[in-house]
Amino acid sequence: MLKIKNLHAKVGDNEILKGLNLDVKPGEIHAIMGPNGSGKSTLAAVLAGREAYEVTNGTVELDGTDLLDLEASDRAREGVFLAFQYPIEIPGVSNLNFMKAAVNAKLAHQGQPPIKAKDFLAKVKECSSLVELDGRLSERSVNEGFSGGEKKRNEIFQMAILEPKLCILDETDSGLDIDALRVVSKGVNAMRSPDRAFIVITHYQRLLDHIIPDFVHVLSNGIIVKSGGKELALELEAKGYDWIKEEQNA
Amino acid sequence: MTVLTDIFKSTLPPPTRKSERWKYSPIAKLLNSNLSTDSSVIDSVFSNEIAPNPVEGLEAYRLVFRNGRFDSFLSDLPIAKGVICMPLSEVSVEDAPEFKNTYSKTEWVGELNESYHQDGMFLKIDRNIKLDRPVLIHHLTDGKDVASFPRHFVRVEEGGEVDVVVWSSATKNSSGMYNGILEASIAPNATLMLEKICNEDGEVYHFSHENIIQERDSKFKMHTFTVKGHWVRNELEIISQGKGTDSVFNGAFLPTGNEHVDNHTIMDHTSTDGTSSELYRGIMYGNSTGVFNGKIFVRQDAQRTNAFQQNTNIVADRGASINAKPELEIYADDVKCSHGCTVGQFDLDALFYLKSRGIDEKAAKALLVEAFLADVISNVPSAELREEIMKIYTERHGW
């Protein structure tokens, strides 16, 4: 589904990704871990199409489509979804209008008519109950005055509404208490399907207790230095990252 | 056609950039034109471009002025108990209102209006009378180098209530000067709502000045929308003369191309327990230039005043600019005043967030603009007016 080859990216003069390779197949969950500053969030931003990052080399293909050639909005319509580490507050834009515009943009892209009001509301109800998001929150301005947990649940709510092919979760567990972590994970797990893939970026093993990955990759200094199964996460949790750095240097 | 040969021989000199109040709104180009007032016979065709009622579906009484002169044929005056509404030119000498604004004595623009004013509206609402529909003043500028000098007078007696809409339009080939003054006084417990919309094609220099005097416990609520206009200066002066007045005045301006929009406001609290709330929002596109200057005075006797002012500006394009200046002068010690003024760009984080959900850049900006304007526009009393304004903004900026 997703093929990343030799990806290099920089912000200003600062090269952050230095030849990253990753292959993600439908139905798989890939966890990406790594120390601070290793390039995890940059990878997420580059995949979603954030303009501040400049791709200097490499390719990214989603089902054969060159993602790097597309605007952020077109990537989303092709099925890429980024759950933000820090969701943005947008005063004055209601969460529902926002989602309706997004759903209709995707439908128009597929040559389909806009969603019927009734169908949309049914979908909203279903998805907000999935992440236990208070019905009133979906009517308020996007993320405005939401607690940290509510913001993250709102991300998963949006993901459920938009039904993307490729879900990228950027430190969705940061700032969550145990209960919120459980709810968010439940939402993600409910969305697992044979034709949907996930890239889960996290610092901590604890998220991976709830969302069980098929692969764990360690990102360090802009490249993936080690890949393994879910047990690699446990090893990292126990031993930290230094041993990998040593392994590399050896 | 009356050529205004002595227009620059007024007692007061035309403003120059040396004056702080006019520093960012130079009028040199206007001073080089040969202005005339229109004295041709008013014919039956109003305009091929513009309808006499500019707001679709708005049920309102109507006073239509063409190049400053009243058009009785196209007007629809209210006939109601306790309401006097007529063109100023038809008011008898003994009933003629006394204009008290100092603007006519201290400013070149005001003096011109006083010297040349042709006509305007006289509106008087008696005690406890509430007019059932808004009164729409529609002013059309049509012609080259035309100068018009409307002058309106509104008095709302105790407990009365009225909504006045002042809409100005101009045809594509128009140029010259619109120089309008509206003076209103609001008696105790009375309410005046005022919506002023400038939607002018052509190249008219638009000067408008509202002078509002509020008596005890009166309410004033105004919205100023600069929808389209070559060069526009909106001046508003509110004087709170009695205790417990409430003043709300909001504005939105979205100039583009080489347009210029200037908003100058003065809120003068001279008595106790008054509240005022001001919100002006601007988005500057293209090579447009903007000015915001909001002065709030809280005089020594105006204890327990609660004044709020906010001016938020987005500079959307590289060539655009705005000069914004809030000014507060507070002489009383028991007051609550807050103000904020910002000049920024579209929130790139918000834009990316919207785009990352599949909404394209144009639609994402439209959502942000709509949200930005919502706080200003949602308080306009008439739904038809709200829709018309949004419609024009949308068409203009292609959202």
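Among the candidates A:Gly111, A:Gly145, A:Gly149, A:Gly135, which residue alone is under 27 Å from A:Lys40 (Cβ atoms), of a type in the set (Gly, Ala, Ser) and more than 10 Å from chain B (Cβ to nearest Cβ)? I'd like the intermediate steps shown before the answer.
On the way: A:Gly111 fails: under 27 Å from A:Lys40 (Cβ atoms); A:Gly145 fails: under 27 Å from A:Lys40 (Cβ atoms); A:Gly135 fails: under 27 Å from A:Lys40 (Cβ atoms).
None of the other options fit; the residue is A:Gly149.
Can you tell me which residue in segment A:1-21 is farthest from A:Lys165 (Cα to Cα), limited to those that are open to solvent by 30 Å² or more (accessible area, probe 1.4 Å) and in a loop (DSSP other than H, G, I, E, B)?
Start the filter on segment A:1-21 by keeping residues that are open to solvent by 30 Å² or more (accessible area, probe 1.4 Å), which leaves A:3, A:5-6, A:8, A:10-16, A:18, A:21.
Subsequent filtering for residues that are in a loop (DSSP other than H, G, I, E, B) retains A:12-13.
On the way: A:Gly12: 31, A:Asp13: 33 Å.
It comes out as A:Asp13.
For segment B:320-343: of the residues being part of a loop (DSSP other than H, G, I, E, B) and open to solvent by 40 Å² or more (accessible area, probe 1.4 Å), which is nearest to B:Leu373 (Cα to Cα)? Even if it seems obvious, please write down each step before you answer.
Of segment B:320-343, the ones part of a loop (DSSP other than H, G, I, E, B) are B:320, B:331-335.
Those still in the list that are open to solvent by 40 Å² or more (accessible area, probe 1.4 Å) too: B:331, B:333-335.
Working: B:Tyr331: 33, B:Asp333: 34, B:Asp334: 33, B:Val335: 29 Å.
By that ranking, first place goes to B:Val335.
Return the residues of segment A:31-48 that are out of contact with any Ser or Thr (no Cβ under 9 Å at 6 or more places or on another chain) and either of a type in the set (S, T, N, Q) or outside any helix (DSSP H, G or I) (or both); say none if nothing qualifies.
Taking segment A:31-48 first, the residues out of contact with any Ser or Thr (no Cβ under 9 Å at 6 or more places or on another chain) are A:36-37, A:41-47.
Of everything in segment A:31-48, those that are out of contact with any Ser or Thr (no Cβ under 9 Å at 6 or more places or on another chain) and either of a type in the set (S, T, N, Q) or outside any helix (DSSP H, G or I) (or both) turn out to be A:Asn36, A:Gly37, A:Ser41, A:Thr42.
In segment B:355-383, what count of residues is obtained for those that are farther than 30 Å from A:Cys167 by Cβ, open to solvent by 30 Å² or more (accessible area, probe 1.4 Å) and assigned to a loop (DSSP other than H, G, I, E, B)?
Residues meeting the conditions: 3.
Conditions tested, residue by residue: (1) over 23 Å from B:Ala252 (Cβ atoms); (2) under 16 Å from the mean Cα position of the chain (by Cα).
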{"residue": "B:Phe153", "(1), (2)": "yes, yes"}
{"residue": "B:Glu157", "(1), (2)": "yes, no"}
{"residue": "B:Gly176", "(1), (2)": "yes, no"}
{"residue": "B:Pro188", "(1), (2)": "yes, no"}
{"residue": "B:Ile197", "(1), (2)": "no, yes"}
{"residue": "B:Glu203", "(1), (2)": "no, no"}
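Tally time: how many residues in segment B:45-62 are free of Cβ contacts under 8 Å to residues at least 40 places away in the same chain and within 16 Å of B:Glu387 (Cβ to Cβ)?
1
Can you pull out the residues in segment A:192-210 that are of a type in the set (A, V, I, L, M) and either modelled with pLDDT under 95 or touching a His at 6+ places or on another chain (Cβ under 8 Å) (or both)?
Matches in segment A:192-210: A:Ala197, A:Ile199, A:Val200, A:Leu207, A:Leu208.
Output the residues belonging to segment A:22-65 that are in contact with a Pro (Cβ under 8 Å, 6 or more places away or on another chain) and open to solvent by less than 20 Å² (accessible area, probe 1.4 Å). Steps first, answer last, please.
Residues of segment A:22-65 that are in contact with a Pro (Cβ under 8 Å, 6 or more places away or on another chain), as a first pass: A:26-27, A:29-31.
Listed by number, the residues that qualify are A:Ile29, A:His30, A:Ala31.
Being of a type in the set (A, V, I, L, M) and in a strand (DSSP E or B) is the filter; apply it to segment A:67-85 and report the residue that is surrounded by the fewest Cβ atoms within 10 Å (Cβ to Cβ). Give the derivation first.
Step one: of segment A:67-85, the residues of a type in the set (A, V, I, L, M) are A:67-68, A:70, A:72, A:76, A:80, A:82-83.
Okay, now just the ones that are also in a strand (DSSP E or B), so A:80, A:82-83.
Working: A:Val80: 24, A:Leu82: 28, A:Ala83: 26.
It comes out as A:Val80.
If you take the residues of segment B:368-389 that are among the aliphatic types (A, V, I, L, M) and more than 14 Å from chain A (Cβ to nearest Cβ), which of them is nearest to B:Phe225 (Cα to Cα)?
Of the residues in segment B:368-389, the ones among the aliphatic types (A, V, I, L, M) are B:368-369, B:371, B:373-374, B:376-377, B:380, B:383, B:385, B:389.
Adding the requirement that they be more than 14 Å from chain A (Cβ to nearest Cβ) leaves B:380, B:383, B:385, B:389.
Values: B:Val380: 11, B:Ala383: 15, B:Leu385: 11, B:Ile389: 8 Å.
The qualifying residue nearest to B:Phe225 (Cα to Cα) is B:Ile389.
Just checking, how many residues over segment B:344-354 are out of contact with any Ser or Thr (no Cβ under 9 Å at 6 or more places or on another chain) and either surrounded by 21 or more Cβ atoms within 10 Å (Cβ to Cβ) or at the interface with chain A (Cβ under 7 Å from one of its Cβ atoms) (or both)?
Looking only at segment B:344-354, we keep the residues that are out of contact with any Ser or Thr (no Cβ under 9 Å at 6 or more places or on another chain), and these are B:345-353.
Next, only the ones that are either surrounded by 21 or more Cβ atoms within 10 Å (Cβ to Cβ) or at the interface with chain A (Cβ under 7 Å from one of its Cβ atoms) (or both) stay: B:349-353.
Matching residues across segment B:344-354 total 5.
Select from segment A:86-108 the residues that are at the interface with another protein chain (Cβ under 7 Å from one of its Cβ atoms) and outside any helix (DSSP H, G or I) and write down the one among them that is farthest from the chain's Cα centre (by Cα).
The selected residue is A:Gly92.
The values are calculated or read from the model by the stated rules, or taken from the named source; none is laboratory data. Predicted model only: the values in this text are computed from it and were never measured. We place every Cβ from the backbone using ideal geometry, glycine too, and count neighbours over all the protein chains shown. Protein only, heavy atoms only, side chains kept; ligands, DNA and RNA dropped before computing areas. Shrake-Rupley method; radii C 1.70, N 1.55, O 1.52, S 1.80 Å.
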